[in-house]
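Each remark here refers to the structure printed beneath this line.
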Amino acid sequence: MLSALQAQNVALRQLVSIHDRLGALVLQGADIGAVTRMLSDLVGRRVLLLDALLQVIAMAPADDRFEWAPRQGYVRAVLATLARERRPLRIPPMTDFGVDASCVLAPVALGDAILGYLALLAESDERVGPGDDVDLQIVQHAANVYALSMMRERMAAEVSRQLKDELFEGLLSGRPQDETVARERAMRLGYSPDLVYRVLVLVVQSPSQLADDQPEILAQRRRLLESLAELAARRSAEAFATLRDDELVVLMPDADDGRELGQHAVRHSAALGPDWRVTVAIGGPASTASAIAASYAQARRALEVAQRFYPAGYGDIVAFEDLGLYRLLFHVDDPAELRGFTEQVLGALLEYDQRHNADFVRTLAAFLGNNGNLQATARELNLHVNSVGYRLQRIQAIARLDLERSDDRLLAQVALKILSGIAA
């Protein structure tokens with residue numbers, strides 16, 4: 001009995017000491033890196049501050065040999081458990097999911113908002129007994145201190161962000177026409193005249209069965225876009241992002257590869273909410289500050305082309321430079337004109353397919369998509385080459401197209417592209 005009381009007394013003194021010393025450090029203006037290092041020193045354990053997807057924000061002690069790389073199964077299982085329990089938890093090792101050590105983990109929360117997660121790791125061969133809840137209390141108290149530190153940092157960052165957003169909005173709108181003025185404003189954002197930049201526009205599409213204007217959907221979209229902004233900042237140290245009501249706009253050096261960021265954003269969105277889809281539109285290169293507005297306009301055009309002409313594939317990455325013919329089709333404002341063109345070129349073929357339950361339009365698309373290669377077309381359609389040849393003869397007769405002529409092939413290809421957008 002006496003030994004138990006003594007152990008509780010020691011644990012209590014340790015908790016008070018940790019809380020007081022971490023709190024004093026925060027009041028002195030220390031950042032989360034310094035707080036993490038002190039906590040690690042106090043508990044003699046490795047400490048990780050993690051983001052919404054359990055990726056490292058800060059770690060102590062620093063060790064290049066240590067790797068924290070949880071796989072998606074670990075992330076989903078742990079986040080689901082924390083969301084359900086909403087309290088500090090002891091997580092066992094999950095070697096199959098890339099985590100060899102056990103840990104105690106607590107959400108760093110401010111009200112209902114989760115700012116991150118705090119983890120105290122055990123050594124790979126250390127197992128914490130079920131009756132020992134000291135670590136759970138430590139991580140809970142420390143998480144409260146972290147919440148204050150992260151809130152302060154976020155408030156300071158918010159003031160700075162609002163000022164930078166105003167500068168960025170001016171660059172995106174093209175208001176500073178003079179290159180000297182544009183460069184001066186851009187350099188306040190961290191812009192380097194020696195680099196070439198691109199503008200990326202990221203939008204999030206909500207689950208189809210839910211209305212986009214529902215408050216909970218708007219809040220979820222906002223949180224997802226905020227997490228994508230944090231992801232962009234981590235992936236590119238020289239990137240700048242501004243969050244609008246329905247989109248995230250990122251200015252990043254061309255050398256940092258916008259497509260790679262887009263791929264990470266798509267995976268990030270899928271991990272946070274499998275029913276949500278993120279589309280990343282990439283503008284052309286901007287070699288001057290005044291060209292940033294043009295890159296943004298190109299990214300917006302790429303996004304609108306994706307929405308208009310191939311929504312079935314809408315939900316990944318689309319670059320302005322890859323739009324090809326769609327860059328011209330986008331400028332046709334009247335959908336009826338596009339439908340009329342398609343009807344003129346493929347109307348007879350569409351009517352024949354409908355009447356006879358044929359598949360001639362698909363055959364034509366496969367043939368053109370395979371650059372006129374009969375063998376490749378036959379493989380795609382799982383037909384004999386002779387059957388493909390017969391179909392092509394019938395297609396040319398019905399549609400009055402000569403597929404040996406480049407002009408007729410181009411007409412058919414344009415009509416098929418428009419048709420794919422209308423059908424989707």
Computed over the chain: longest principal axis from alpha-carbon atoms vs helix 385-399 long axis, angle to nearest 10 degrees, is 70
In whole angstrom, largest first, the equivalent ellipsoid semi-axes that the Cα gyration tensor gives for region 335-423 are 21, 14, 12
The longest stretch of the chain containing none of the GluC sites (Glu not before Pro) that sit in a DSSP loop with at most 15 other Cβ atoms within 10 Å is 127-403
In degrees, nearest 10, the alpha-carbon axis of helix 335-356 is tilted away from the dominant principal axis of the alpha carbons of the chain by 70
Here the residues of region 270-296 lying in the modelled label zone of residue 196, meaning backbone nitrogen under 12 Å from a point 7 Å along Cα-to-Cβ, are 284-288
Here, residue 237 and residue 355, labelled 7 Å along Cα→Cβ, have an inter-label distance in nm of 6.9
Each label sits 7 Å from Cα toward the beta-carbon; between residue 28 and residue 56 the label points are separated, in nm, by 2.5
Projected onto their principal axes, the Cα atoms of region 2-150 stretch, largest extent first, over whole-Å spans of 41, 39, 34
Measuring from the longest principal axis of the C-alpha atoms of the chain, the long axis of helix 258-272 (C-alpha) lies at a number of degrees, nearest 10, equal to 60
Between residue 116 and residues 5 or more places away or on another chain, the pairs with built amide H atoms under 5 Å apart involve 108
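Would you calculate a helix-derived [θ] at 222 nm for the chain, using -39,500 (n - 2.57) for each DSSP H run of n ≥ 4 and dividing by the full residue count, to the nearest 500?
Value at 222 nm, helices only: -18500 deg cm²/dmol.
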Across 262, 190, 116, the residue with the highest GNM fluctuation in the chain (Cα network, 10 Å cutoff) is 190
Evaluated at 37 °C and 0.692 mPa s, the Stokes-Einstein D of the chain based on the Kirkwood radius over Cα pairs, in µm²/s, stands at 128
If R0 = 41 Å, then residue 230 and residue 390, at their Cβ-Cβ distance, give a FRET efficiency to the nearest 0.05 of 0.10
Given the candidates 120, 139, 74, the one whose Cα lies deepest towards the positive end of the charge dipole of region 2-150, counting +1 at each Lys or Arg C-beta and -1 at each Asp or Glu C-beta, is 139
Distance in nm between residue 113 and residue 72 label points, each 7 Å along Cα→Cβ, equals 2.9
Taking every DSSP bridge whose two residues both lie in the chain, the antiparallel percent to the nearest 5 is 95
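Coordinate-derived values only; no laboratory data. Please read all numbers here as calculations on a predicted model, not as lab measurements. Glycine gets a Cβ as well: all are built from the backbone with ideal geometry, and neighbour counts include every protein chain shown.
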